[in-house]
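The numbers here are math on the coordinates, done by the rules we state, and not lab data. Keep in mind the model is a prediction, meaning the values are calculated, not measured. Every residue, glycine as well, gets a Cβ built from its backbone with ideal geometry; the counts of neighbours run over all protein chains shown.
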Ligand code: G1P
């Protein structure tokens, strides 16, 4: 049976090609969202959901991530000597957040392969997977709820959202099961998953319920991943392993999808990245009031066609 969820795995080996040239010399996870690198929001979300142990599965050129979650003695001393307590606290926050571990993926064989690399670290308990491209600004509420559903039902739990039908080819898409099983008691709707498919063309998509980069998985997923061959794009797909778990609700608890109604940003997409910046800037304790004022007054003029 699955135990309490205390560990999170964050795959962070991707090349960030969607954001070139900004990501030529900087890992995509380090792109700032207002005043923190995008990856810090993801770690904060895990911590807010009660997880204190984070394993990042990284690759070459990702040392800035390790530096970010480590201490910087010289900088801390300089800020302390200046009496700049606010910045000192902000610098220390990143390395005091969680117990962060790193493991290299080795070969870029796909998301399923990156998750499989975490097998030894995770052990025999259920664990969370958070994809760094997705930013969900909800103080960890969705992930905490997913963990509660995993603990209550013994199922692996994935977060999904409805996407426009023409975008199904960017996501793992689920087929809801036709069942009269009562799945309630959660803050948001729960759906038993009959099957999953990675990035189907719109004409082949069984629904428009898309996986949004948050998973709470039973440890049996590792054994399945070990025998999962290359799928879509020639990569070992996590979605394909979940398909096998979904097909075996008696043995491994099956898969339940939680339909998250809140906002989620894909920071690998330029427009979404800008929207995430605007939302978080508007909520920011220091610059929030000025940003909201600017959005109400001057920002509308930017919506005019250039030269109009
Ligand atoms: C991955 C998953 C996909 C999921 C998506 C969410 O794809 O393979 O199933 O829907 O993340 O962001 P990627 O965006 O890494 O290509």
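For the chain, the longest principal axis of the C-alpha atoms and the axis of helix 38-48 are separated by about 60°. Here the residues 265, 273, ranked from fewest to most Cβ neighbours within 10 Å of their Cβ, fall in the order 273, 265.
Here 29, 226 are placed in order of increasing Cβ neighbour count within 10 Å, fewest first, which gives 226, 29. Relative to the longest principal Cα axis of the chain, at what angle does helix 270-283 sit, 0 to 90 degrees, rounded to 10? Between helix and principal axis, roughly 60 degrees. Relative contact order, whole percent, for the stretch 113-213 stands at 33, derived from Cα pairs under 8 Å and 6 or more residues apart. If you sort the three axes of the alpha carbon gyration tensor as a ≥ b ≥ c, you get a/c of 1.5 or more for the stretch 227-284 and a/b no higher than b/c, which makes it oblate.
From least to most packed, judged by other beta carbons within 10 angstrom and beginning with the fewest, 103, 225, 238 follow the order 103, 225, 238. Just round it to a whole percent: the fraction of Cα-Cα distances in the chain exceeding 24 Å. It works out to 55 percent of all Cα pairs.
Note on the stretch 111-198: Rg/Rh from Cα positions, Kirkwood definition for Rh, rounded to two decimals, is 0.95. Which residue, 83, 231, 110, has the most motion in a Gaussian network model of the chain that connects Cα atoms within less than 10 Å? The residue with the greatest mean-square fluctuation here is 83.
Calculated translational diffusion coefficient of the stretch 1-103 (20 °C, 1.002 mPa s; Stokes-Einstein with Kirkwood radius over alpha-carbon pairs) equals 144 µm²/s. Taking 0.36 nm per residue of separation and subtracting the Cα-Cα distance, full extension of the segment from residue 60 to residue 180 would add 38.4 nm. Ellipticity at 222 nm from helices only: DSSP H runs of n ≥ 4 in the chain, each -39500 (n - 2.57), divided by the residue count, give -9500 deg cm²/dmol.
Helix 141-153 axis versus longest C-alpha principal axis of the chain: approximately 20°, rounded to the nearest ten.
Once you have a ≥ b ≥ c as the square roots of the Cα gyration tensor eigenvalues for the stretch 130-252, tell me rounded if a/c is under 1.5, and otherwise prolate or oblate according to whether a/b is larger than b/c. Rounded shape, in that the Cα axes give a/c under 1.5. Using C-alpha pairs below 8 Å separated by at least 6 residues, the relative contact order for the stretch 1-104 is 34 percent.
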